[in-house]
2 protein chains.
Amino acid sequence: MAVHSRVEKQIVPVRKKAYEHLKTAILSGRLSPKERLTEEHLAETLGVSRTPVREALYKLEAEGLIRPLKTRGFIVSGDSKEEVKELFELRAILEGYALRIISEKITREGLQHLGTFIDKAQAALEANRMGDVFKWNTRFHDYLHELVSDSIRLYRLIVDMRKQVLRHRKVTLQSIEGAQRTLDGHQKILLALRLKDPELCEKTMREHIKLAKEDALLTLLGEHIA
Amino acid sequence: MAVHSRVEKQIVPVRKKAYEHLKTAILSGRLSPKERLTEEHLAETLGVSRTPVREALYKLEAEGLIRPLKTRGFIVSGDSKEEVKELFELRAILEGYALRIISEKITREGLQHLGTFIDKAQAALEANRMGDVFKWNTRFHDYLHELVSDSIRLYRLIVDMRKQVLRHRKVTLQSIEGAQRTLDGHQKILLALRLKDPELCEKTMREHIKLAKEDALLTLLGEHIA
DNA sequence: TTCACGAGGATTGTATACAATCAGGCCATA
DNA sequence: TATGGCCTGATTGTATACAATCCTCGTGAA
């Protein structure tokens, strides 16, 4: 019948649910850097005991999404200019290196996939479907990331950081010019990959992310003014 | 009376003790990748309850020092050739970038300090006091790391990784040639810093760590044969 | 033999209780 | 007004109990 009838009961530990809950709340901005997080209060809110909550908190701390308060409790890490800058710069380094590795082992099909993602994003942009632009751009990056997934540490770092900058990226991509700039960047990346030039790949990716950084910083500034 | 009679009670949470205990056991090789770690067993061994142990385990996992076993429990991450390679390569990237940053803001005194560390290490090497060579080399790197300490994320990543490669480095430095090569590398780094050439700094550091990587891999191979 | 399928022990997940600790305010004293 | 110490509620740290889950291994049927 079904090729795989095993449905894999997929038990989700409370700890994980608490973690995801908090994470999305933070990344979406629903949880601002203003409010203090305490184990007990969160436990009550989520309707669970402190144990899983505290484990979720520790994990978030390890990822840098929240930080311990001197006065006990945590706050979500601010998106101060400095922090956003550092985040993007680290991404530039890590993803630049990743692209270097990728360039050495990507296949013809891989290149084709990437090309498709760009085309779809471009088409979406021209049709003014910004949601889809975002989607295909994300696919583009995700596909790249998968290509380094045997470098476990590198992969984990990249994925972590990427999640953290998500909120900034979303804003950037909402402007037409921003989106077009991003797409141009992706084209350049693809070209560098096609040329199989590791040096160029690293450089291109760094520049691509540097642009994203500047967009994000502008946005940040804008919010400040608004 | 005493200038500072405050002794700072310095309470050390059990969790932290468990964490440190396990960490040193792992880094020193006392805990091999062979044995399985379970919460209960560890708790019993350390004479504490499972709660702090489990928190220590999660932290170690986040740092990549142990990994969950499919069959429940953890094992310490192997030092397979692939893993060591990746570790050093990541270090090369991150510390290379760090040196680039440092080159932009290091002061005259900073350069002098670094020079001193190298001299001391060189002297120790010539007197065949390998322990001291290790010590001064460590100082050299530690000092560099402190210079990036306002880039919190970068700093944390570097420190983490550095701890993980410690066991490999120790072996390398025991050989005279290995130590001399390391020192030469440090000289080059210092030179690059003096020239205030970010590009060169990054490149030099990468190469320095690449050499260390090759040493470590050789050692690893040797152990395999032995 | 090989496979399916429980039984049972080992291990982890979560809740809860209690002890330890800390921040912040209050009061006494100067 | 400033200083220092102590009290108290808030919060975290650790232990423990119990429930849930998973691995293993034996048993029996094909």
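The values are calculated or read from the model by the stated rules, or taken from the named source; none is laboratory data. Source: prediction; values computed, not measured. Positions of Cβ are generated from backbone atoms using ideal geometry, with glycine treated the same way; all protein chains shown enter the neighbour counts. Each accessible area value is taken on the protein alone, full model and side chains, heavy atoms only, with ligands, DNA and RNA left out. Shrake-Rupley method; radii C 1.70, N 1.55, O 1.52, S 1.80 Å.
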For the range B:118-138, does any single residue satisfy the condition of being within 14 Å of chain A (Cβ to nearest Cβ) and open to solvent by 50 Å² or more (accessible area, probe 1.4 Å)?
no
Sort out which residues of the range B:94-103 are crowded, with 23+ Cβ neighbours inside 10 Å and within 11 Å of chain A (Cβ to nearest Cβ), and write them in order of number.
B:LEU94, B:GLU95, B:TYR97, B:ALA98
Among the candidates A:SER49, A:SER80, single out the residue that is at pLDDT below 90 and either within 16 Å of DNA strand D (Cβ to nearest atom) or open to solvent by 10 Å² or more (accessible area, probe 1.4 Å) (or both).
A:SER80
Just checking, which of B:GLU63, B:GLU55, B:GLU89 is within 14 Å of chain A (Cβ to nearest Cβ) and within 16 Å of DNA strand D (Cβ to nearest atom)?
B:GLU55
Which of the residues spanning the range B:16-37 are within 13 Å of DNA strand C (Cβ to nearest atom) and either touching a strand residue (DSSP E or B) at 6+ places or on another chain (Cβ under 8 Å) or under 21 Å from A:ARG156 (Cβ atoms) (or both)?
B:GLU35, B:ARG36, B:LEU37
Per-region count, the range B:1-21, residues more than 14 Å from DNA strand D (Cβ to nearest atom) and modelled with pLDDT of 85 or more
0
